[in-house]
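Heads up, the thing below is written out as structure tokens.
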Amino acid sequence: MLFLLFQKSFTAFAEKFTQTSEPVEINIPTILVPGTNGTVNRFNGLIKMIEPKADVLKVTVATDGTVSSKGKLKNSTKHPIIVIAFQDSSDETLAIQGKWYQLALSYIQKKYSFETYNYLGHSNGGLVITSYLEEFQQASDPKLAKLITLGTPYNDTSKKYNDAVTSFTQVKETSDLLKGYLAKQENIPDTIKMLNIAGEVEETASDNTVPVQSVFSGRYIYYDQVAEYQEVLIKGVNTSHSELVENQEVIQLLKKFFG
């Protein structure tokens, strides 16, 4: 009899603690993805500047596709923030990072419910979302509403492909990277509103890492595909590649564009 009572109690305990709860419904989140070698802490300064008391969920995707997270979001949060980074975010894994991003979205959806989201990608973070939209987006995924890419090297970073100019109608030479995105651009949803931002350090036509022409080459991928496409060139202080993330003008553009 004691054995049967213990067995019954254990079964009830197991049922109670293995039952999955419904995802928490949240407001439209902003998803932030860093560039090469960026971690989930890359945007700490930016987050403090736009939403000092923000609820933040930090998600990391390992090279084997497993996903882990830190933090928690509440349904009462007006502007929830999600940072997604990869265990290996080197240039060598760029081709698979769009898939890893999709795995992160699927993981997040098990915990949180939202139909649309906004996205900020710094540097290669802009290539990650492009790859995802063209190759890896699933019908069950939440939909991207507004997109900001910041200092993204759509046409690579080499002078071989990019002239030192800020105004142009044609790139110097189309890189293999850009050719790859152009080949599948028709898969990009036509409902997205996009803002593409480049930085320029002291009339160099570059942010000291990515040429302005490479950043604005994003127009060839997105201009005819999305509902709205805008370009902004940031000059002055804090316009180098790494500084753009916390540039005051960028912060104001982000707040205005995402609302």
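The values are calculated or read from the model by the stated rules, or taken from the named source; none is laboratory data. Predicted, not measured: the structure shown is a model, and the values here were computed from it. When we count neighbours, we look across all protein chains shown, and the Cβ atoms used for this are built from the backbone with ideal geometry, even at glycine.
Some notes on this structure:
- Of all the criteria given as (1) in a loop (DSSP other than H, G, I, E, B); (2) under 30 Å from Thr174 (Cβ atoms), the one not satisfied by Glu134 is (1).
- Extreme residue, farthest from the chain's Cα centre (by Cα), among residues of the stretch 68-88 that are farther than 21 Å from Thr116 by Cα and in contact (Cβ under 8 Å) with a residue 24 or more places away in the chain: Lys70
- The listed residue being aliphatic (A, V, I, L, M) and in contact with an Asp or Glu (Cβ under 8 Å, 6 or more places away or on another chain), out of Ile221, Ile197: Ile197
- Candidates are the residues of the stretch 216-251 that are β-branched (Val, Ile, Thr) and surrounded by fewer than 17 Cβ atoms within 10 Å (Cβ to Cβ); the one that is farthest from Thr130 (Cα to Cα) is Val237.
- Scanning the stretch 83-96 for residues that are outside any strand (DSSP E or B) and crowded, with 24+ Cβ neighbours inside 10 Å yields one hit, Ser89.
- Filter result (surrounded by fewer than 13 Cβ atoms within 10 Å (Cβ to Cβ) and modelled with pLDDT of 95 or more) within the stretch 6-37: Glu25
- Checking each residue of the stretch 105-114 against the condition of being assigned to a loop (DSSP other than H, G, I, E, B), buried (at least 17 other Cβ atoms within 10 Å of the Cβ) and modelled with pLDDT under 95 gives no match.
- Per-region count, the stretch 162-196, residues in a loop (DSSP other than H, G, I, E, B) and in contact (Cβ under 8 Å) with a residue 12 or more places away in the chain: 17
- When residues of the stretch 213-243 are limited to those that are touching a strand residue (DSSP E or B) at 6+ places or on another chain (Cβ under 8 Å) and of a type in the set (A, V, I, L, M, F, W, C), the one nearest to Asn155 (Cα to Cα): Val215
- Within the stretch 38-75, considering residues that are among the polar types (S, T, N, Q) and surrounded by fewer than 17 Cβ atoms within 10 Å (Cβ to Cβ), the one modelled with the lowest pLDDT: Asn75
- Scanning the stretch 117-131 for residues that are assigned to a helix (DSSP H, G or I) and either out of contact with any strand residue (DSSP E or B) (no Cβ under 7 Å at 6 or more places or on another chain) or of a type outside the set (A, V, I, L, M) (or both) turns up Asn124, Gly125, Gly126, Leu127, Thr130, Ser131.
- Cβ pairs under 7 Å, 6+ apart, first in the stretch 95-111 and closer than 18 Å to Ile188 by Cα, second among the β-branched types (Val, Ile, Thr) and in a helix (DSSP H, G or I): Gln97/Val128; Gly98/Val128; Tyr101/Val128
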